[in-house]
1. Name every residue in segment 1-50 that is among the small types (Gly, Ala, Ser) and not in a helix (DSSP H, G or I), in order of residue number.
2. Conditions: (1) open to solvent by 20 Å² or more (accessible area, probe 1.4 Å); (2) modelled with pLDDT of 70 or more. Val61 meets all but one. Number of the miss?
3. Conditions: (1) out of contact with any Gly (no Cβ under 7 Å at 6 or more places or on another chain); (2) under 22 Å from Asp50 (Cβ atoms). Ile159 meets all but one. Number of the miss?
4. If a residue must be within 15 Å of the chain's Cα centre (by Cα) and exposed (fewer than 14 other Cβ atoms within 10 Å of the Cβ), how many such residues does segment 1-35 contain?
5. Just for segment 154-206: of the residues that are open to solvent by less than 20 Å² (accessible area, probe 1.4 Å) and of a type outside the set (A, V, I, L, M, F, W, C), which one is nearest to the chain's Cα centre (by Cα)?
6. Can you tell me which residues in segment 118-153 are open to solvent by 30 Å² or more (accessible area, probe 1.4 Å) and within 21 Å of Pro41 (Cα to Cα)?
7. In segment 80-98, which residues are modelled with pLDDT under 75 and either among the aromatic types (Phe, Trp, Tyr) or in a helix (DSSP H, G or I) (or both)?
8. Pick from segment 99-117 the residues that are polar (S, T, N, Q) and at pLDDT below 90: which of them is most open to solvent (accessible area, probe 1.4 Å)?
Amino acid sequence: MTDALPTFLTGFAMSAALIMAIGAQNLFVLRQGLKREHVGPIVLFCGGADAILIAAGVGGVGALLGAMPQLTLFLSIGGALFLGRYGLKAFQRMMAPEAMMVTTQGGITLGRAIGATAAFTFLNPHVYLDTVLLMGTAGSAQPAALRPIFVLGAASASIGWFAALGYGARLLTPLFARPAAWRVLDAVVGIVMLTLAASLIARTLP
């Protein structure tokens, strides 16, 4: 099938371009990677979730979501509350010297890690815009026989990015041996989270 490789690369490139933007989910994966805590399950969850959402979009779910504005409202409010709380916690960590070294970070259980990952993934309305609507529209424009190839390409980019982010973070461990580096990271996390929360609230206002 001569069109399979171009279709795969189209899905891969589109997904990579969308997923590499700095956001709440990426920062959470980076932080867990620096702590070397539940990285594998988190990477698999993020990549798997993207694959499912993209496949759903290609299958026509995007049109259904577009007709349900109340769902977007619910996700925006829930996402804003979650991101706001996490942003404030990041600022609290920034101000606590005992919580700034990799070796002294308080660990979380696998269940809590996956729960937080799910919240960062599914309580963000932008993930549906990127994966279900944008990627879904592009994928559904492909011939029916090539749509699975498009989804495979997009999912490969997603899993590859999260794996690089989660496992590549350990290369930064010498830098984050310094408490000041954790202060900067938590400050960035707090600012990004609160900014995203504010933008979601702004979207819900008339």
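The values are calculated or read from the model by the stated rules, or taken from the named source; none is laboratory data. Values in this document were obtained by computation on a predicted structure and should not be read as measured data. Every residue, glycine as well, gets a Cβ built from its backbone with ideal geometry; the counts of neighbours run over all protein chains shown. Each accessible area value is taken on the protein alone, full model and side chains, heavy atoms only, with ligands, DNA and RNA left out. Shrake-Rupley method; radii C 1.70, N 1.55, O 1.52, S 1.80 Å.
1. Keep residues of segment 1-50 that are among the small types (Gly, Ala, Ser), which gives 4, 11, 13, 15-17, 21, 23-24, 33, 40, 47-49.
Matches in segment 1-50: Ala21, Gly23.
2. All conditions pass for Val61, except number (2).
3. Condition not satisfied by Ile159: (1).
4. Number satisfying all stated conditions: 4.
5. Ser158
6. Residues satisfying the conditions are Phe122, Leu123, Asn124, Leu152.
7. Those that are modelled with pLDDT under 75 and either among the aromatic types (Phe, Trp, Tyr) or in a helix (DSSP H, G or I) (or both): Pro97, Glu98.
8. Thr103
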